[in-house]
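The values are calculated or read from the model by the stated rules, or taken from the named source; none is laboratory data. All values reported here derive from a predicted model rather than from experimental measurement. All Cβ positions, even for glycine, are placed from backbone atoms using ideal geometry, and neighbour counts span all protein chains on display. SASA here: full protein model, heavy atoms, side chains in, ligands and nucleic acids out. Shrake-Rupley method; radii C 1.70, N 1.55, O 1.52, S 1.80 Å.
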Amino acid sequence: MRVPRSISRALFLFPIAFSARAVPAQSAWLVSGRLALVEQRVDAGFGLERFAGVGLGLDVERRLGSRFTVGLRGQGATVRPDDSNDLDRRIGEAELSVVLALKPWWGVYTSVVRRAIANDAGSQQWTLVRVGAELRPAFSGDRLHALGRLGAIPVASVSGLSPSSLAFDGVVGVEYDHPRYALRLAYGLERFAFSSENGNRRYEQLSTLTFRVGVRLGT
């Protein structure tokens, strides 16, 4: 079927017009370092196992136009068990996220996470997809904000385990947003309940207390 010339021209010119409008509204890159206190709890039906340690990471994000913010995060941590008979665990992950601001103080978010948890005996691969709502009410002016997130994890694929039947995540914190830098202190929690195997139900929880410092690069 032949496309009319007027429609062809409109389709050709639309990306150019959109780019011309979107580019001036783009913000500077925000590059941040993070320090996190990480805790993992596992209950596979044989008692609670607890691991804790410190993680370091790097975030890169940018606001596109007046509504969208895209970000890429990487973090690694070593967590040690309370029980001396267990092995240390190494947790590494990468996350790609998108936030859509529906209003200046609230919006929705989604992200895809790839995570690896390993010790000297083996490794486990995680793939997570998150969706939820985000609140950012201002305390004073436009710089100091509270931060709240609550969402579901509809996709939680873990090697060696059955699919998660229930998973959610949440974040509470505070952030200071300056034209040249940004600070954030936040507590995040993930909770998973995996389907029964051999009559045992498995629960896992990962929590982080994160301090993030970022600087804005470019214009």
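Computed values, structure above
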| read-out | value |
| --- | --- |
| Prolate/oblate/rounded label for segment 138-210 (Cα gyration tensor, a/c 1.5) | prolate |
| For Arg143, solvent-accessible area (1.4 Å; no DNA, RNA or ligand), Å² | 100 |
| Probe 1.4 Å, protein heavy atoms only - accessible area per residue of segment 17-160 in square angstrom | 55 |
| Cα principal axis extents for the chain, largest first, Å | 69, 53, 29 |
| Distance between segment 100-141 and segment 44-85 - C-alpha centres, whole angstrom | 10 |
| Residue order for Val174, Val99 - accessible surface, 1.4 angstrom probe, largest first | Val174, Val99 |
| Accessible surface ranking that places the most exposed of Phe194, Phe139, Phe68 first, with a 1.4 angstrom probe | Phe139, Phe68, Phe194 |
| Taking the chain and dividing mean pair separation by its residue count, relative contact order in percent (alpha carbons under 8 Å, at least six apart) | 18 |
| Nearest-20 debye value, the chain charge dipole, Cβ charges on Lys, Arg, Asp, Glu | 1400 |
| Model label zone, Leu209; criterion: amide N under 17 Å from point 7 Å along Cα-to-beta-carbon; scope segment 165-192 | 171-175, 184-190 |
| Probe 1.4 Å - accessible area at Tyr181, Å² to nearest ten | 90 |
| Among Val60, Pro154, Gln124 - extreme Cα towards positive end, dipole of the chain, charges at beta-carbon | Val60 |
| Over segment 59-166, relative contact order from alpha-carbon pairs under 8 Å, at least 6 apart, % | 18 |
| For segment 117-158: rounded, prolate or oblate by the Cα gyration tensor [a/c cutoff 1.5] | oblate |
| Ranking by accessible area, most exposed first, for Asp120, Asp86 with a 1.4 Å probe | Asp120, Asp86 |
| Over the chain: helical MRE at 222 nm, DSSP H runs n ≥ 4 each giving -39500 (n - 2.57), nearest 500 | -3500 deg cm²/dmol |
| Rounded to the nearest 10 Å², the accessible area of Val60 at probe 1.4 Å | 50 |
| Estimated FRET transfer efficiency when R0 is 25 angstrom, pair Leu37-Leu72 (beta carbons, to 0.05) | 0.65 |
| Spacing of the two label points (7 Å from each Cα toward its C-beta) at Ser195 and Leu144, in nm | 4.9 |
